[in-house]
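Undergrad: Mind having a look at this structure? Questions to follow.
The values are calculated or read from the model by the stated rules, or taken from the named source; none is laboratory data. Everything quoted here is computed from the prediction, not taken from an experiment. We place every Cβ from the backbone using ideal geometry, glycine too, and count neighbours over all the protein chains shown. Protein only, heavy atoms only, side chains kept; ligands, DNA and RNA dropped before computing areas. Shrake-Rupley method; radii C 1.70, N 1.55, O 1.52, S 1.80 Å.
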Amino acid sequence: MHSDIAKVLVSKEEIDQICKTLGVQLTKDYEHKKPLLVGLLKGCIPFISDLARQIDLKFDIAYMSVSSYHGGIASSGDVKIKMDLDISIKDRDVLIVEDIVDTANTIVTIVELFKHRGAKSVKMVTLLDKPEGRLRPFQPEYVGKVIPKEFVVGYGLDYNEYYRNLPYVGVLKPEIYNNQ
Ligand code: PRP
């Protein structure tokens, strides 16, 4: 698995530091609120797990399964809700937790949906932001690291469902997806 990676872009140590920094900031910003963290499956799992333990507040966590890549390397633009939330977000301060924002097709769709459902506030924290990939304007409120326009895997991010278990974020060798 590691030999399919051209280079490490965000090391495990850097991810740990990012989670600590974001956790301190979120603890401060949501001090007098009881936020609802919404993780967008599947990619969010390692990040929400590490980040949540750095937020020193009471909060709820819920999950929603959303997909637009359908296993490949390019967004289809067709954002599908595969599993919806099991609680109401009406009048809640929602913080969406994502592994990456690329085209922003996913997050823009979900933010619009949550506002329509009556959330009091909707903000997002993402581990990675790839602004050069945008197809729709969107600026996340909390960003771990801005990365260049390269196809990355690991720490939740997949290619054909593989590599999510890498402890770091790395650039996949192009021959891996060119040979498919
Ligand atoms: C990935 C990622 C984000 C989305 C970001 O999910 O987890 O949800 O793509 O890309 P965008 O800004 O171009 O919309 P994916 O659809 O691959 O599903 P997954 O989390 O189950 O891997």
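Undergrad: Within the stretch 149-180, can you find the residues that are of a type outside the set (Gly, Ala, Ser), in contact with an Asp or Glu (Cβ under 7 Å, 6 or more places away or on another chain) and under 21 Å from GLY77 (Cα atoms)?
TA: Scanning the stretch 149-180 gives LYS149, LEU157.
Undergrad: Output the number of residues of the stretch 168-180 satisfying the condition of being part of a loop (DSSP other than H, G, I, E, B) and loosely packed, with under 12 Cβ neighbours inside 10 Å.
TA: 2
Undergrad: Also: Scan the stretch 62-81 and tell me whether some residue there is out of contact with any Ser or Thr (no Cβ under 8 Å at 6 or more places or on another chain), open to solvent by less than 20 Å² (accessible area, probe 1.4 Å) and among the aromatic types (Phe, Trp, Tyr).
TA: Looking through the stretch 62-81, none of the residues is out of contact with any Ser or Thr (no Cβ under 8 Å at 6 or more places or on another chain), open to solvent by less than 20 Å² (accessible area, probe 1.4 Å) and among the aromatic types (Phe, Trp, Tyr).
Undergrad: Give the residues of the stretch 82-101 that are free of Cβ contacts under 8 Å to residues at least 60 places away in the same chain and closer than 20 Å to ARG164 by Cα, sorted by residue number.
TA: Passing the criteria: LYS82, MET83, ILE96, GLU98, ASP99, ILE100, VAL101.
Undergrad: Please name all residue pairs, on different chains or six or more residues apart, with Cβ atoms under 7 Å, provided the first residue is in the stretch 37-59 and is open to solvent by 10 Å² or more (accessible area, probe 1.4 Å) and the second residue is away from the ligand (no atom under 14 Å from the Cβ) and of a type in the set (Lys, Arg).
TA: GLN54/LYS20; LYS58/LYS34; PHE59/LYS34
Undergrad: Given the conditions (1) surrounded by 15 or more Cβ atoms within 10 Å (Cβ to Cβ); (2) under 14 Å from the mean Cα position of the chain (by Cα); (3) under 17 Å from ILE107 (Cα atoms), report the number of the one that GLY133 does not fulfil.
TA: Evaluating GLY133 over (1) surrounded by 15 or more Cβ atoms within 10 Å (Cβ to Cβ); (2) under 14 Å from the mean Cα position of the chain (by Cα); (3) under 17 Å from ILE107 (Cα atoms) leaves (2) as the failure.
Undergrad: Quick check on my filter: what residues within the stretch 125-151 are assigned to a loop (DSSP other than H, G, I, E, B) and either of a type in the set (S, T, N, Q) or without any contact (Cβ under 8 Å) to a residue 12 or more places away in the chain (or both)?
TA: Scanning the stretch 125-151 gives a single hit, GLN139.
Undergrad: Take the stretch 134-155 and flag every residue that is in contact with a strand residue (DSSP E or B) (Cβ under 9 Å, 6 or more places away or on another chain) and modelled with pLDDT under 95.
TA: Of everything in the stretch 134-155, those that are in contact with a strand residue (DSSP E or B) (Cβ under 9 Å, 6 or more places away or on another chain) and modelled with pLDDT under 95 turn out to be GLU150, PHE151.
Undergrad: Among the residues that make up the stretch 114-127, is at least one of them touching a strand residue (DSSP E or B) at 6+ places or on another chain (Cβ under 7 Å), within 12 Å of the ligand (Cβ to nearest atom) and β-branched (Val, Ile, Thr)?
TA: Yes, the stretch 114-127 contains at least one residue that is touching a strand residue (DSSP E or B) at 6+ places or on another chain (Cβ under 7 Å), within 12 Å of the ligand (Cβ to nearest atom) and β-branched (Val, Ile, Thr).
Undergrad: Filter the stretch 83-101 down to residues that are open to solvent by 30 Å² or more (accessible area, probe 1.4 Å) and within 14 Å of the ligand (Cβ to nearest atom) and give me whichever is farthest from TYR155 (Cα to Cα).
TA: Only one residue tops the list, namely MET83.
Undergrad: Go through the residues of the stretch 10-18 one by one and say whether even a single one is of a type in the set (Gly, Ala, Ser), surrounded by fewer than 21 Cβ atoms within 10 Å (Cβ to Cβ) and without any contact (Cβ under 8 Å) to a residue 12 or more places away in the chain.
TA: no
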